[in-house]
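Each remark here refers to the structure printed beneath this line.
The values are calculated or read from the model by the stated rules, or taken from the named source; none is laboratory data. Please read these numbers as outputs of a predicted model, since none were measured by experiment. FYI the Cβ positions are ideal-geometry reconstructions off the backbone, even for glycines, and counts take in every protein chain you see. Areas reflect the complete protein model, heavy atoms only, side chains present, ligands, DNA and RNA absent. Shrake-Rupley method; radii C 1.70, N 1.55, O 1.52, S 1.80 Å.
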Amino acid sequence: MDLDELVVRINIETGQLEPYTRKIVRRLSDMKDFYYDKEAVQRILAKEDPIIYEVYAWERSTDEGNLSFATTILNPGKIGDEYYMTKGHFHSKRDRAEVYITLSGNGKIVIQDEKGNASVLDLVPNSITYVPPRHAHRTVNTGNKPLIFIAIYPSDAGHDYDVIAQKGFSKIIVERDGKPTAIDNPNYLK
Ligand code: M6P
Ligand code: ZN
């Protein structure tokens, strides 16, 4: 193993990794079914297709025991009154956990068990958040600058988006009276 290849630099201002093995750019058109206000989605897409978030991932092979990590740059904004958010996923291997380290910005993480019970935790700079096994997780930017965080996860965890794409999260984060508020998702399928 070439140990020089085990060092990755992070640009603390932008969240970019150098080197990285995979970059993901998710625009509204890539995740239009994930927001509850379908009219707001169409209204925005008629004019533009904003970048919701970017991910720089440094991923090892899926051999058991390896770890991978990624930075996410989640832009500020709203679709209707729902804040910009990630798709959210379960791990394909359900017993794999994850650690989130928030670098800058302000937001929330929605953590949901397989029965649909959701908890909402704050993501604030210099905090470390543990995502237990068997819990889906989605991050939400409730601030007015990019929310930037590092995620560290077993390389064989895998992303299972299907359950969330079909059922959604039971709680969503919207603006109410100017403040981020968790409400029951009107489109949630039990
Ligand atoms: C974090 C990690 C990644 C994930 C990314 C975006 O960086 O959990 O594994 O890909 O967030 O989230 P999602 O895959 O749900 O779009
Ligand atoms: Zn994950």
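Listed values, structure above:
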read-out	value
Any hit, region 125-137, residues being touching a Lys or Arg at 6+ places or on another chain (Cβ under 9 Å), more than 12 Å from ligand 2 (Cβ to nearest atom) and either among the β-branched types (Val, Ile, Thr) or open to solvent by less than 30 Å² (accessible area, probe 1.4 Å) (or both)	no
Residues (among the charged types (D, E, K, R) and touching a residue at least 12 places away in the same chain (Cβ under 8 Å)) located in region 112-142	113, 114, 122, 134, 138
Output for region 52-92, where each listed residue is within 24 Å of residue 9 (Cα to Cα) and of a type in the set (A, V, I, L, M, F, W, C)	52, 55, 57, 58, 67, 69, 70, 73, 74
Strands (runs of 3 or more DSSP E) contained entirely in region 49-106, each with at least 2 residues that are within 19 Å of residue 126 (Cα to Cα)	67-74, 98-104
Condition broken by residue 119, with the remaining ones in (1) within 11 Å of ligand 2 (Cβ to nearest atom); (2) open to solvent by 40 Å² or more (accessible area, probe 1.4 Å) satisfied	(1)
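Rundown of residues vs (1) open to solvent by less than 50 Å² (accessible area, probe 1.4 Å); (2) touching a His at 6+ places or on another chain (Cβ under 8 Å); (3) touching a residue at least 60 places away in the same chain (Cβ under 8 Å), yes/no style:
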| position | (1), (2), (3) |
| --- | --- |
| 144 | no, no, yes |
| 151 | yes, no, yes |
| 162 | no, no, no |
| 166 | no, no, no |
| 187 | no, no, yes |
